[in-house]
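Participant: Right, I'll just put the structure down here and ask away after.
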Amino acid sequence: MELRLQKKQRKQLHKEPKHISQNKPKSDLKIALCFILPSLIGVGIFILIPFLDVIRRSFCGAMNGQFVGANNYITVFNNEAFKLASKNTIKFIVVCIPLLIVISLALALLVNSLKKKNEIFKSMFLLPMAIPVASVVLLWQVIFNKNGLLSAGIEKLGMAPIDWMNSDWAFWILVASYLWRNVGYNMVFWLAGLTTLSESVDEAAMVDGANGWQRLTRITLPQLIPNLFTITVLSLLNSFKVFREAYLIAGQYPHDSMYMLQHLFNNWFMSLDIDKLSAAATVVASVILVLILFLQKTWESED
């Protein structure tokens, strides 16, 4: 009898975990779907389905809707405006993103070292994001107009006034605007990563004689690599949002140095060149997707 009871107890012990392991994931999955499903439906209706229609239209004519194969893509790649806008956009991303990552990291390290007053500095650096675009445009006009403050300042130094937004300086003004508006946003992400780091490891290295630069490069920065992927992707996506200020201050056709893909897309939309617009949008979306996947694979291999 005792042996039979022991066998029954063993069977029950083996069965209970199976019962729990089979039901719990199913219930967790249902709960997760309840939370995710509304967002998935919204994304599907307002983003995925329209984008699939854009891909379809990229292979069709604008007026008759007939299938034209890769003709739209050939037209886009041979378009001089597309070449200029692509070159400026790539240049803007290559210049801005490394600068933004380095400057925001330096500011995050500085603010993190100021334990008592860091909340004040966080608010200061996030303030540009709270300023409306119309106010930013007005600020640009006051400073960078031909008769603005900057031209008045250099005129007092004996130099001729410059129409900044219609010169080669326009590109660098756009870069400065992007950095000014986004550096605080990225700084918060770096600070979030810095707050998770263990201070005991840094203190142990200090006791062992490591200087500040050694602790930064060998302890702090390697632990912030996971944050770097998120910050890089967000910086890349935010770089396409700088169009608003440039459009409001310089119009549809700004100086060639700051004519971006967003200007081109807006102009094609206004002229109803839906076939070229769809093909160009598909190309840009594909390039961004490949770039993000490449970054993700690079970071995973490093981990």
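The values are calculated or read from the model by the stated rules, or taken from the named source; none is laboratory data. Predicted, not measured: the structure shown is a model, and the values here were computed from it. Don't worry about glycine lacking a Cβ; one is built from the backbone with ideal geometry, like all the others, and counts go over all protein chains shown. When the accessible area is computed, the model is the full protein with side chains, heavy atoms only, and any ligands, DNA or RNA have been set aside. Shrake-Rupley method; radii C 1.70, N 1.55, O 1.52, S 1.80 Å.
Participant: List the helices (runs of 4 or more DSSP H) that sit entirely inside the range 207-253 and contain at least 2 residues that are under 22 Å from the mean Cα position of the chain (by Cα) and polar (S, T, N, Q).
Facilitator: Hits in the range 207-253: 225-238.
Participant: Please state which one of 136, 142 is under 25 Å from the mean Cα position of the chain (by Cα), in a helix (DSSP H, G or I) and aliphatic (A, V, I, L, M).
Facilitator: Of 136, 142, the one residue that is under 25 Å from the mean Cα position of the chain (by Cα), in a helix (DSSP H, G or I) and aliphatic (A, V, I, L, M) is 136.
Participant: Is one or more of the residues making up the range 64-71 within 21 Å of residue 282 (Cβ to Cβ), among the polar types (S, T, N, Q) and exposed (fewer than 14 other Cβ atoms within 10 Å of the Cβ)?
Facilitator: Yes, because at least one residue in the range 64-71 is within 21 Å of residue 282 (Cβ to Cβ), among the polar types (S, T, N, Q) and exposed (fewer than 14 other Cβ atoms within 10 Å of the Cβ).
Participant: Another one. Hey, among 264, 272, 289, which residue is in a loop (DSSP other than H, G, I, E, B), of a type in the set (A, V, I, L, M) and farther than 19 Å from residue 163 by Cβ? Spell out how you get there, then give the answer.
Facilitator: Working: 264 fails: in a loop (DSSP other than H, G, I, E, B); 289 fails: in a loop (DSSP other than H, G, I, E, B).
When all the criteria are applied, what remains is 272.
Participant: Six or more apart or on different chains, Cβ under 7 Å: which pairs go from a residue in the range 250-274 that's within 14 Å of residue 90 (Cα to Cα) and among the aromatic types (Phe, Trp, Tyr) to one that's at pLDDT 90 or above and open to solvent by 30 Å² or more (accessible area, probe 1.4 Å)? Could you list them?
Facilitator: 259/84
Participant: Go through the range 1-42 and report how many residues are modelled with pLDDT under 90, of a type in the set (Val, Ile, Thr) and within 30 Å of residue 283 (Cα to Cα).
Facilitator: Of the residues in the range 1-42, 1 are modelled with pLDDT under 90, of a type in the set (Val, Ile, Thr) and within 30 Å of residue 283 (Cα to Cα).
Participant: Part of a helix (DSSP H, G or I), of a type in the set (A, V, I, L, M, F, W, C), within 19 Å of residue 286 (Cα to Cα) and touching a residue at least 12 places away in the same chain (Cβ under 8 Å): is that true of residue 85 in this structure?
Facilitator: Yes, satisfied.
Participant: Can you pull out the residues in the range 40-77 that are within 20 Å of residue 269 (Cβ to Cβ), part of a loop (DSSP other than H, G, I, E, B) and of a type in the set (S, T, N, Q)?
Facilitator: 58, 64
Participant: Does the range 147-197 hold any residues that are within 18 Å of residue 256 (Cβ to Cβ) and open to solvent by 30 Å² or more (accessible area, probe 1.4 Å), and which are they?
Facilitator: Those that are within 18 Å of residue 256 (Cβ to Cβ) and open to solvent by 30 Å² or more (accessible area, probe 1.4 Å): 162, 163, 166, 168, 169, 172.
Participant: Follow-up question, since we're still on this one. Given 41, 45, 93, which one is open to solvent by less than 40 Å² (accessible area, probe 1.4 Å) and of a type in the set (Val, Ile, Thr)?
Facilitator: Of 41, 45, 93, the one residue that is open to solvent by less than 40 Å² (accessible area, probe 1.4 Å) and of a type in the set (Val, Ile, Thr) is 93.
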